[in-house]
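Participant: Below you will find the structure I want to go over with you.
The values are calculated or read from the model by the stated rules, or taken from the named source; none is laboratory data. Being a predicted model, the structure only gives us computed values, none of them experimental. FYI the Cβ positions are ideal-geometry reconstructions off the backbone, even for glycines, and counts take in every protein chain you see. Ligands, DNA and RNA are stripped out before the accessible areas are found, and what is left, the full protein with its side chains, is counted by its heavy atoms. Shrake-Rupley method; radii C 1.70, N 1.55, O 1.52, S 1.80 Å.
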Amino acid sequence: MALFLIASLALAAGPRATQKRLSGRVQVDEQIESLLRGGSVANVVSRLRYIGERDYAAESLTQLLRKVLEDRPRRNIVATLAGLEVRSAEPVLVRLAQDEDSTVRMYAAQGLGRLQSRNVLVLVPLLEDKSLGVRKEAAKALGASRNPSMSKLLLEAAKNEAEVDVRAEMLIGAGRAGDVKQAPSLKAYLNSDSESTRFAAAKGLCLMGSDDGFTFANKLLGAQDKYVRRQGLELYEGVPAKKATPALTPLLNDADRSLAAGAARLLYQGGDKKMLDWLVLASYQAKGDEKLAYEKELETLQLADDQRKGILRKAGMVK
């Protein structure tokens, strides 16, 4: 009887589920048509992620790449594919990372970074690419791979990199890749004449879990200037909550509510799940600019309305 009921429920749900998928795919097709007509890549990506049929969207975009030859629409297709963060698109992105068009190579590297791809062999040559944008995205992607052997390679590339912004991404990537044996080499950049280079080195050290990085960040957090303090907070982006808690927990009571909200968001992203409840409740009770500070961080987390209501209901704030 139980099996019969389960089967009946499945059959009853089947048509509705099918209709939902079909409706989603129709919406995907409409968004891709919009892209081909010159629609905003950012808007299309946001809409496709919301619809949910991302594998279907990736497949459709991949098929389009075989037909579209003009540079601009082709670049937009690759940018959209990269923005979907779909694992099934990884082989296509690996191939596109070797494309003749530098903009396509850049978007492909960006997509591989978002996927935290382990396909480092296709990314390493891009550190010497003629395009600044390609080198920058390749450095980010190699760091995101979490492959410790990439730390030393990125530091070697940084020695020869003339562009300050690209060098900064190489230093951050070296830290994110995670080979702690490279910390002394990264620490040497804390004495650079370039402020952005020093900041990037500190960021890389924090991502490695190095005390040298945290000392640098905490010095900024102790400044009087609120913008300098926010720079210090930024250095904790991507640091596990276990490491960040001693420095960030006191900030939850800071008079600068933007700093407090940012600290809560970083702790949540670092693994402290109760910080999401903290943010939602703080936003619910706040007014004016303070509320905007909390909402900015919640928007970054893309919190669904039903999840927010669940947190408020659990706290007895709403019925």
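Participant: Does ARG176 satisfy being modelled with pLDDT of 95 or more, open to solvent by 40 Å² or more (accessible area, probe 1.4 Å) and under 16 Å from GLN231 (Cβ atoms)?
Facilitator: Details: modelled with pLDDT of 95 or more: yes; open to solvent by 40 Å² or more (accessible area, probe 1.4 Å): yes; under 16 Å from GLN231 (Cβ atoms): no.
Spelling it out, it is not the case that ARG176 is modelled with pLDDT of 95 or more, open to solvent by 40 Å² or more (accessible area, probe 1.4 Å) and under 16 Å from GLN231 (Cβ atoms).
Participant: Okay, moving on. Say whether the condition of being open to solvent by 80 Å² or more (accessible area, probe 1.4 Å) and part of a helix (DSSP H, G or I) is met by at least one residue in segment 256-268.
Facilitator: no
Participant: Within segment 169-191, can one find any residue that is touching a residue at least 40 places away in the same chain (Cβ under 8 Å) and of a type in the set (A, V, I, L, M)?
Facilitator: Going residue by residue through segment 169-191, those that are touching a residue at least 40 places away in the same chain (Cβ under 8 Å) are 170, 176.
From the residues that got through so far, the ones that are of a type in the set (A, V, I, L, M) too are 170.
Yes - at least one qualifying residue is present in segment 169-191.
Participant: Further question on the same structure: Just a yes or no: is a residue in segment 275-295 within 21 Å of LYS203 (Cβ to Cβ), in contact with a helix residue (DSSP H, G or I) (Cβ under 7 Å, 6 or more places away or on another chain) and surrounded by fewer than 19 Cβ atoms within 10 Å (Cβ to Cβ)?
Facilitator: Looking through segment 275-295, none of the residues is within 21 Å of LYS203 (Cβ to Cβ), in contact with a helix residue (DSSP H, G or I) (Cβ under 7 Å, 6 or more places away or on another chain) and surrounded by fewer than 19 Cβ atoms within 10 Å (Cβ to Cβ).
Participant: Select, from GLN110, GLN63, the only residue that is open to solvent by 70 Å² or more (accessible area, probe 1.4 Å), out of contact with any Pro (no Cβ under 9 Å at 6 or more places or on another chain), assigned to a helix (DSSP H, G or I) and among the polar types (S, T, N, Q). Steps first, answer last, please.
Facilitator: Values: GLN110 fails: open to solvent by 70 Å² or more (accessible area, probe 1.4 Å).
Going through GLN110, GLN63 in turn, just one is open to solvent by 70 Å² or more (accessible area, probe 1.4 Å), out of contact with any Pro (no Cβ under 9 Å at 6 or more places or on another chain), assigned to a helix (DSSP H, G or I) and among the polar types (S, T, N, Q): GLN63.
Participant: Then there's this: In this structure, does LYS140 turn out to be under 30 Å from ARG176 (Cα atoms) and among the basic types (Lys, Arg)? Full working, then the answer.
Facilitator: On the way: under 30 Å from ARG176 (Cα atoms): yes; among the basic types (Lys, Arg): yes.
When the stated conditions are applied, LYS140 passes them.
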